[in-house]
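*Asks:* Got a structure here, written out as structure tokens. Questions coming.
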Amino acid sequence: MKNNYTSIKFKQWLDKLQQESWQLELLISGFAILGLATTFEPLRDKIVEAEALEENLYGVIYGLVYSYSIILTINLIIHVILRGLWIGSVGLRYVSGDIDYDTLNYSEKFTKYLKKKVGPFDKYISNLEDLCSIVFATSFIVVFYFLAFFICFTLPIFLVTPILKFELLPKFGRMIILGSTLFIFYFGGIIFFIDFITQGFFKRKKWASKIYFPIYRFFSFITLSFLYRALVYNFLDNKFGKRVLHFLIPLYLVISVLGSFEKVSSNYLVKDSYSSKNFIRKNNYLNNIDENNYIKDIAIENKIINNAYLRIFIVYKSEIEDIIIEKNKDLKPKKDIRGYKQAAFGNVGLNKDRLQLTDSLYVPYLNTFNTIYQLKIDSTNFKSDFIISKINKQLGFETVIPLKNINEGKHLLKVNRINFSEDKKKKEKREFTEKVIEIPFWFYKN
């Protein structure tokens with residue numbers, strides 16, 4: 001049966017419910033804080049995994065969810081603290097009643113000041129009640145704001161992809177369409193954001209409201225504002241709610257700034273640096289790699305090698321395939337199938353394309369890869385003979401080189417590769433050799 005929101009019974013039910021809503025608020029906040037606390041570590045792992053696997057879109061998504069989870073947790077903790085203070089105040093009122101300023105026996109000056117600034121104890125409880133309800137509502141308004149921000153952030157990506165792949169138009173034409181589309185979208189987004197920050201600047205101005213109205217309708221639609229529009233406007237028409245919002249936004253900024261501080265303990269030593277003959281990185285050694293750790297570029301078996309061979313693993317990255325295709329034009333595919341594909345249906349055609357890449361095509365692919373990469377231990381060169389391999393979730397290339405002619409002690413693995421740069425004068429790509437990584441290790445026979 002549908003409720004009639006104009007009926008007296010419905011309004012009485014709402015009045016009764018809002019008086020007892022503090023119990024539901026505490027229950028929801030408690031469960032939400034507990035649930036959110038368990039998501040921080042998995043989300044951090046997913047961010048690291050997305051970075052290692054070069055899944056930039058997923059990395060951004062996980063990063064946004066992680067940031068929102070922190071903000072929501074802070075909001076709910078503030079709510080629980082304030083609601084606890086409110087419950088304590090109600091309990092104290094039962095024991096002590098109102099504030100009796102005459103009993104305090106202060107001077108007349110202080111008594112007048114406290115009566116004006118502090119006022120009755122019931123007023124304090126009432127303000128606390130309002131603050132608790134507003135902070136709790138704000139926590140869930142932020143949910144929708146983050147949803148809107150995420151949609152506005154990712155939608156241009158889906159707009160850009162089909163334009164770039166529309167090869168019927170020349171590259172210059174695609175760039176004009178792409179630039180115009182992004183300019184219109186971001187310009188409208190900035191106008192919409194300014195109106196949001198100023199709490200309706202363009203809505204209040206007659207001269208601007210007519211121009212702004214279609215922009216507002218478009219962004220209201222794509223940000224799903226119909227789900228929370230009434231909640232936001234009910235929040236903004238309350239002066240106390242506006243004051244809380246003006247306080248919370250700077251609070252988030254302060255927390256973000258404080259969270260970015262890092263203690264620097266040395267003028268010379270850096271916690272995270274590139275692997276070199278003087279610096280060891282944990283994820284450059286396979287014995288440190290598990291399901292929660294990932295190889296960034298290249299890894300060897302261990303810091304201390306006791307075997308007569310050295311195992312080397314290079315992580316596959318799209319830039320490696322770009323170099324291979326540039327080096328061997330015969331490997332350039334008719335259709336580049338790299339990118340995000342729909343798992344259930346997109347893989348039908350994708351797998352059909354992949355099946356065409358048989359061992360006969362692996363051979364020139366790997367031969368080109370081995371031509372590109374150059375291995376050296378100290379000053380001794382080794383033949384590059386990699387094959388395709390996989391460690392945990394990371395696809396890559398693996399080889400083993402002998403150490404029987406290497407003396408015991410500290411050594412340095414040097415990995416270089418061929419790459420290409422654009423020569424603007426000749427309008428062609430120029431081949432050059434670049435250093436990829438240096439990994440130190442110690443070799444001692446068993």
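*Asks:* Give segment 177-210 a look and list any residue that's closer than 22 Å to TYR145 by Cα and either among the basic types (Lys, Arg) or loosely packed, with under 12 Cβ neighbours inside 10 Å (or both), or say none. Explain how you work it out, then say what you get.
*Replies:* First pass over segment 177-210, keeping only residues closer than 22 Å to TYR145 by Cα: 182, 184-204.
Within segment 177-210, ILE184, PHE187, ILE190, ILE197, THR198, LYS203, ARG204 meet the criteria.
*Asks:* Please determine whether any residue of segment 74-94 is at positive phi, open to solvent by 60 Å² or more (accessible area, probe 1.4 Å) and of a type outside the set (Lys, Arg). Even if it seems obvious, please write down each step before you answer.
*Replies:* From segment 74-94, those at positive phi are none; that's our starting set.
Within segment 74-94, none of the residues are at positive phi, open to solvent by 60 Å² or more (accessible area, probe 1.4 Å) and of a type outside the set (Lys, Arg).
*Asks:* So which helices (runs of 4 or more DSSP H) stay within segment 186-240 end to end and still have 2 or more residues that are under 19 Å from ILE141 (Cβ atoms)?
*Replies:* Working: elements: 201-204, 206-222, 229-236.
It comes to 206-222, 229-236.
*Asks:* Name every residue in segment 34-62 that is touching a helix residue (DSSP H, G or I) at 6+ places or on another chain (Cβ under 6 Å) and in a helix (DSSP H, G or I), in order of residue number.
*Replies:* Pass one, segment 34-62, residues touching a helix residue (DSSP H, G or I) at 6+ places or on another chain (Cβ under 6 Å): 36, 39, 43, 46-47, 50-51, 58-59, 62.
Scanning segment 34-62 gives LEU36, LEU43, LYS46, ILE47, ALA50, GLU51, TYR58, GLY59, TYR62.
The values are calculated or read from the model by the stated rules, or taken from the named source; none is laboratory data. Since we're looking at a predicted model, the values are computed, not measured. Glycine also receives a Cβ, built like all others from the backbone with ideal geometry; neighbour counts cover every protein chain displayed. Please note that ligands, DNA and RNA were not included when accessible areas were found on the heavy atoms of the full protein model with its side chains. Shrake-Rupley method; radii C 1.70, N 1.55, O 1.52, S 1.80 Å.
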